[in-house]
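The values are calculated or read from the model by the stated rules, or taken from the named source; none is laboratory data. Values in this document were obtained by computation on a predicted structure and should not be read as measured data. Note: ideal-geometry Cβ built from the backbone for every residue, glycine included; neighbour counts use all protein chains shown.
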Amino acid sequence: MSSSGDIAELAAALSGARSLCVLTGAGVSAESGVPTFRDPDGLWKKYPIEELATPEAFSRNPMLVWEWYAWRRELMRDAQPNPAHYALADLEDQFAMRPGASFTLVTQNVDGLHERAGSRNILRLHGSVWDLRCTECGCEREDHAVPLDPFPPQCECPAHGEGQKTGQGTGRCSAMMRPAVVWFGEMLPEAALRQSLQAAAASDVFLVVGTSSLVHPAASLPLVAKQQGARLIEINPDPTPLSGLADLTLTGKAGEILAALRPPRRLV
Ligand code: NAD
Ligand code: ZN
């Protein structure tokens, strides 16, 4: 665990920042009980990645992929935001009150826990398990139902075009929906990536929390920030490829370290 001196240095860096960009990964939700991908008890140790999180896997065996996502959706629905999520939502509020200051939260997480903790402006690089996209017409909808019914979920958009099959004469598209997440080998949402790169380049402090910094292009954001002169701060219990470049490394759990930054709860 980091020393109180490191936490004081982190607090000073954040309160002195003019433009703060925060990148979070699966580690920020670990204390909420959502497994990460690459830790010893992470998801990929039990399930081979190529059988679950690629477009090829979905074409080959959509039911297997959907069952995995149904399990993850249930787990994520039952999880609660932890002190790290709340501390980041507080930081956004604090920056909103400081004239001329800017705050950007970029996440690779798909669980929705930042939103539930109160973060408002989130750039989601890898989508969300709560969004579904039609495999035929591309139509999207937000759906928090657990379990999904029907399963796998079907598109409810009106059918378009001559050649399109419609479900039992309902006039609806009815094709299978997929989770609107970014699978390995797929492109990131262009606008979110562009805005994240802009925020990274403009930041004077860049904070990386709970990511193994192995998955690009997300892992490039801290490098872009550093190249443009930002102070790079990392919070992670383990070393990552980024640790050698960081100006300040806080070794420990995100919830414990970020909770130490929170002001006492406001009395109402
Ligand atoms: P990752 O599994 O590759 O790395 C997790 C990192 O978190 C590791 O470096 C680990 O040391 C660190 N960590 C573990 N516990 C921590 C804690 N308590 N506090 C701080 N750090 C902790 O995950 P990644 O870097 O986010 O990248 C992989 C992909 O995983 C992303 O694309 C993301 O979409 C996906 N993912 C998301 C979730 C989620 O939404 N909660 C869960 C698993 C995977
Ligand atoms: Zn459709």
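Please find, among T240, T166, the residue that is at pLDDT 95 or above and either within 30 Å of C134 (Cβ to Cβ) or surrounded by 13 or more Cβ atoms within 10 Å (Cβ to Cβ) (or both). Reasoning before the result, please.
Numbers: T166 fails: at pLDDT 95 or above.
Just one listed residue meets the conditions, T240.
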In the range 179-231, how many residues are of a type outside the set (V, I, T), more than 15 Å from ligand 1 (Cβ to nearest atom) and not in a loop (DSSP other than H, G, I, E, B)? 15
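Taking the condition of being among the charged types (D, E, K, R) and within 18 Å of the chain's Cα centre (by Cα), how many residues in the range 49-102 meet it?
Restricting attention to the range 49-102, the residues satisfying the condition of being among the charged types (D, E, K, R) are 50-51, 56, 60, 67, 72-74, 77-78, 90, 92-93, 98.
Checking the rest, the ones that are also within 18 Å of the chain's Cα centre (by Cα) come to 72-74, 77-78, 90, 92.
Residues meeting the conditions: 7.
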Single residue of the range 1-50 satisfying the filter (aromatic (F, W, Y) and closer than 22 Å to R124 by Cα) that is modelled with the lowest pLDDT: W44
Here is a list of conditions, (1) outside the structural domain of P153 (by TED's automatic domain parsing); (2) under 24 Å from S212 (Cβ atoms); (3) among the polar types (S, T, N, Q), and T54 meets all of them except one; can you say which number that is? (1)
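Taking the range 184-211 as the region of interest, how many residues are surrounded by fewer than 20 Cβ atoms within 10 Å (Cβ to Cβ) and either within 24 Å of S102 (Cα to Cα) or touching a strand residue (DSSP E or B) at 6+ places or on another chain (Cβ under 9 Å) (or both)? Full working, then the answer.
Initial filter on the range 184-211 (surrounded by fewer than 20 Cβ atoms within 10 Å (Cβ to Cβ)): 184-195, 197-198, 201-202, 204.
From what's left, either within 24 Å of S102 (Cα to Cα) or touching a strand residue (DSSP E or B) at 6+ places or on another chain (Cβ under 9 Å) (or both): 188-195, 197-198, 201-202, 204.
Residues that pass the stated criteria total 13.
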Any chance T36 is among the hydroxyl-bearing types (S, T, Y) and either surrounded by fewer than 14 Cβ atoms within 10 Å (Cβ to Cβ) or under 22 Å from Q195 (Cα atoms) (or both): no
Counted residues in the range 104-142 being at positive phi and in contact with a Phe, Trp or Tyr (Cβ under 6 Å, 6 or more places away or on another chain) come to 1
Name the pairs whose Cβ atoms lie under 9 Å apart, with the first residue in the range 236-252 and outside the structural domain of D6 (by TED's automatic domain parsing), the second more than 13 Å from ligand 1 (Cβ to nearest atom) and part of a strand (DSSP E or B), and 6 or more positions between them or separate chains? none
What is the one condition in (1) farther than 19 Å from G27 by Cα; (2) at pLDDT 95 or above that P263 does not satisfy? (2)
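From A87, A8, which residue is among the aliphatic types (A, V, I, L, M) and touching a Lys or Arg at 6+ places or on another chain (Cβ under 8 Å)? Full working, then the answer.
On the way: A8 fails: touching a Lys or Arg at 6+ places or on another chain (Cβ under 8 Å).
Sole residue among the options that is among the aliphatic types (A, V, I, L, M) and touching a Lys or Arg at 6+ places or on another chain (Cβ under 8 Å): A87.
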Mind checking which residues of the range 117-161 are buried (at least 16 other Cβ atoms within 10 Å of the Cβ) and away from ligand 2 (no atom under 16 Å from the Cβ)? A117, S119, I122, L123, R124, L125, H126, G127, S128, V129, W130
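Conditions tested, residue by residue: (1) closer than 26 Å to L88 by Cβ; (2) at pLDDT 95 or above.
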{"residue": "P152", "(1), (2)": "no, yes"}
{"residue": "G161", "(1), (2)": "no, no"}
{"residue": "V205", "(1), (2)": "yes, yes"}
{"residue": "V208", "(1), (2)": "yes, yes"}
{"residue": "S213", "(1), (2)": "yes, no"}
